[in-house]
Amino acid sequence: MYTHITRDDRVIISNSLRMGESYAKIGVRISKNKGAICREVDRNKDPYGRYRVWSADKIAQNRRKNSKYHTRKIENDNKLARTIEEKLHPLVSPEVIAHEVGITHETIYAWISRSRPDLKVQLPQRNRKRRRYGSKRSKKQGWTKDVRSIDERLLIDENWEGDTIKGSTRSRVLTHVEYDSLFTVADLMSDGTADSVHAKTKQRQFAGTITYDRGSEFALWRMIEKDTPATVYFAHAHHPWERGKNENTNGRLRRVFPKKFDFATIKQRDLDLVVWKMNHTKRKTLNWRTPCSVYGKCCTSG
């Protein structure tokens, strides 16, 4: 169960930072993960960018007081509560909603926890499990010998990252995410073969560059280059962070289609509706613009 970082924890964090220890090592010391330490330091620095025990403690206390005040504000404002409830969706984070209604996302989380726990099912990334990098996929694949490495890639006007999402049966979803805009295209496939990937990619006629991982479903990359204007590159083996935009997008899709979901039970139009929602949702990383508005092309399509 999550527990707040205490003053004693902050003493350890401050001293450890002065000794040059990493966030991961500090996390081990106080039984927190690396991300929690990173957030604590970023959120509770003093005006000079320093992390000091007294000021960090004061900033955190004030935030909690404000959160309690605003939580009551939501509880006492039926219109605001209804607006937040209507906007909540696994693809729309409380951070986005907070930006639109003018409160902090911590306040929304606190309100849900305190007053509306039934809405937790609408929160993104619940019960998420991370796959350990470097695990599995140890088979040698001869076709990867002559692929074009990501090291050779030059980013141009359009740069796509692609991957597939597995379902509980043979069905798959092929996703492509444009690097700068986060604009997403997704296609249902009856299986995860290289032929299916080639056929769907040919239909889309991607331009610019496409970067894939070294899964066998992308073995027909030369045919993709022959039949589309795109140039294909490959990330290094077991380096999913080299396609980070695509990995993140697939994680967002998993909020709606969890692991073991059978993609054979939906139609392309069902998938298009979810992708449309993603492409028309404001993103903090895009300075609160939507992927569709940044990409600026074919925004009415799925």
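Points to keep in mind about this one:
- Selection over segment 236-256 of residues that are in contact with a helix residue (DSSP H, G or I) (Cβ under 8 Å, 6 or more places away or on another chain) and either at pLDDT 95 or above or not in a loop (DSSP other than H, G, I, E, B) (or both) gives a count of 8.
- Taken across segment 240-255, residues that are surrounded by 20 or more Cβ atoms within 10 Å (Cβ to Cβ) and of a type in the set (Ser, Thr, Tyr) do occur, with at least one present.
- Residue 40 being within 22 Å of the chain's Cα centre (by Cα), acidic (Asp, Glu) and modelled with pLDDT under 90: no
- Only one of the numbered conditions (1) assigned to a helix (DSSP H, G or I); (2) at pLDDT 90 or above; (3) of a type outside the set (Val, Ile, Thr) is not met by residue 50, and that is (1).
- When 209, 231, 193 are checked against the criterion of being under 23 Å from the mean Cα position of the chain (by Cα) and of a type outside the set (Phe, Trp, Tyr), 209 stands alone in meeting it.
- For first residues located in segment 157-170 and assigned by TED's automatic domain parsing to the domain that holds residue 191, partners that are exposed (fewer than 15 other Cβ atoms within 10 Å of the Cβ) and acidic (Asp, Glu) and lie 6+ apart or on another chain with Cβ distances below 8 Å form the pairs 159/180; 167/262; 168/262; 169/262; 170/191.
- Subset of segment 281-299 (residues that are in a loop (DSSP other than H, G, I, E, B) and either at pLDDT below 90 or of a type outside the set (Ser, Thr, Tyr) (or both)): 282, 287, 288, 296, 297, 298, 299
- Boolean, residue 37 is in contact with a Gly (Cβ under 8 Å, 6 or more places away or on another chain) and either among the hydrophobic types (A, V, I, L, M, F, W, C) or part of a helix (DSSP H, G or I) (or both): yes
- Of all the residues in segment 212-232, those that are among the charged types (D, E, K, R), touching a Ser or Thr at 6+ places or on another chain (Cβ under 8 Å) and within 18 Å of residue 153 (Cα to Cα) number 2.
- Among (1) out of contact with any strand residue (DSSP E or B) (no Cβ under 8 Å at 6 or more places or on another chain); (2) assigned to a loop (DSSP other than H, G, I, E, B); (3) among the charged types (D, E, K, R) - the single one residue 202 does not satisfy: (2)
- Scanning segment 207-231 for residues that are under 25 Å from residue 170 (Cα atoms) and buried (at least 21 other Cβ atoms within 10 Å of the Cβ) yields 210, 211, 212, 213, 217, 218, 220, 221, 224.
The values are calculated or read from the model by the stated rules, or taken from the named source; none is laboratory data. Quick caveat: nothing in here was measured; it's all calculated off a predicted structure. Quick reminder, even Gly has a Cβ in these numbers, built from the backbone with ideal geometry, and neighbours come from all protein chains shown.
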